[in-house]
Amino acid sequence: MKIGVIGGGQLGRMLALAGTPLGMNFAFLDPAPDACAAALGEHLRADYGDQDHLRQLADEVDLVTFEFESVPAETVAFLSQFVPVYPSAEALRIARDRWFEKSMFKDLGIPTPEFADIQSQADLDAAVARIGLPAVLKTRTLGYDGKGQKVLRSAADVAGTFAELGSVPCLLEGFVPFTGEVSLIAVRARDGETRFYPLVHNTHDSGILRLSVASSDHPLQALAEDYSSRVLKQLDYVGVMAFEFFEVDGGLKANEIAPRVHNSGHWTTEGAECSQFENHLRAVAGLPLGSTAKVGESAMLNFIGEVPPVDQVIAIDDCHLHHYGKAFKVGRKVGHANLRCADQATLQAQILKVQALIAE
Ligand code: AMP
């Protein structure tokens, strides 16, 4: 079976690493000459709207999937004429726009921060008067890793801020005084069967994920699964989806969804019976889902900007290096380390060792 992937970054690369043992082959569509997934399959180097190359991809592969959600809607619609596409155009339409996303949560009875659609500075001023400060202004589309957003703490932060974010449609959200951030990785098959990995605790810095720790028997697991199931059913979703939540007042508020494999699920490569990457491929290919059970105690630490010396990373016991083969650049995710340990105490000790390497 040959899988077409829109995007050829590290998520595409890790999908191919998981699918190759299943006998799958891969083709990646990505305009970047140095797309790091290209080492693992065919690279169609073209823009996402290039219909000649989209047609070529559709002719070559059995199905198409995505490694990012900001794919132009026309690209998805065009491909869907010729080849099965998972997840669906509708799932991508909702997930790529924060207004559609939060409106769907609200319609499904899933708690969210207060939010308002912002099309002008006047809208922003009115929404701040209603929601109050602090608040977070985010572009509706194309934001990631803390880009395209600004925390508003005082009236001085509000003036002129719509223009500062590019005068594009935005969402204003009430600032959530969360006690923690967790994510749930779910996988749904074509027949509707759904499985969930254990909730993951996430730590961000400057809007970028730094550390994910898989939980055991988290008291909010059932609630997170309930909220996520509502979304998956609503979208008749196929594949892996990530749900990010704020932990607040002993409950959860939904922040966002990602209709794809997710950074906070990278630990599953060594830390679960079947990884998020393999389960995504199983789901989209119509194959039986794999077990989402945890194996040992796991964490993932991102390498941002550079990967520490390889010999030093792999010298740490229980540590598995994932090097993306990308050029090092400030603020860029270039690799991660997965730790899988026998118990929590060992895991915490090994996390400190990897963090010490990152700090050097
Ligand atoms: P996002 O791009 O929406 O995932 O936001 C990136 C990070 O900014 C989140 O992981 C939070 O740490 C923080 N953040 C986003 N929205 C809010 C909010 N409404 N209240 C508090 N912190 C937020």
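For Asp249, the conditions (1) at pLDDT 95 or above; (2) farther than 20 Å from Gln10 by Cβ are fulfilled apart from (1). Residues of region 293-348 that are open to solvent by 40 Å² or more (accessible area, probe 1.4 Å) and basic (Lys, Arg): Lys294, Lys329, Arg332, Arg340. For region 210-227, a tally of residues being surrounded by fewer than 24 Cβ atoms within 10 Å (Cβ to Cβ) and under 23 Å from Ala349 (Cβ atoms) returns 7. Of all the residues in region 149-160, those that are open to solvent by 30 Å² or more (accessible area, probe 1.4 Å) and within 14 Å of the ligand (Cβ to nearest atom) number 4.
The set of residues in region 161-209 being in contact (Cβ under 8 Å) with a residue 60 or more places away in the chain, within 11 Å of the ligand (Cβ to nearest atom) and surrounded by fewer than 16 Cβ atoms within 10 Å (Cβ to Cβ) consists of Pro177, Gly180, Ser206, Gly207.
The values are calculated or read from the model by the stated rules, or taken from the named source; none is laboratory data. Computed from a predicted model, the values in this text were never measured in an experiment. No Cβ is skipped: glycine too gets one built from the backbone with ideal geometry, and neighbour counts run over all protein chains shown. Ligands, DNA and RNA are stripped out before the accessible areas are found, and what is left, the full protein with its side chains, is counted by its heavy atoms. Shrake-Rupley method; radii C 1.70, N 1.55, O 1.52, S 1.80 Å.
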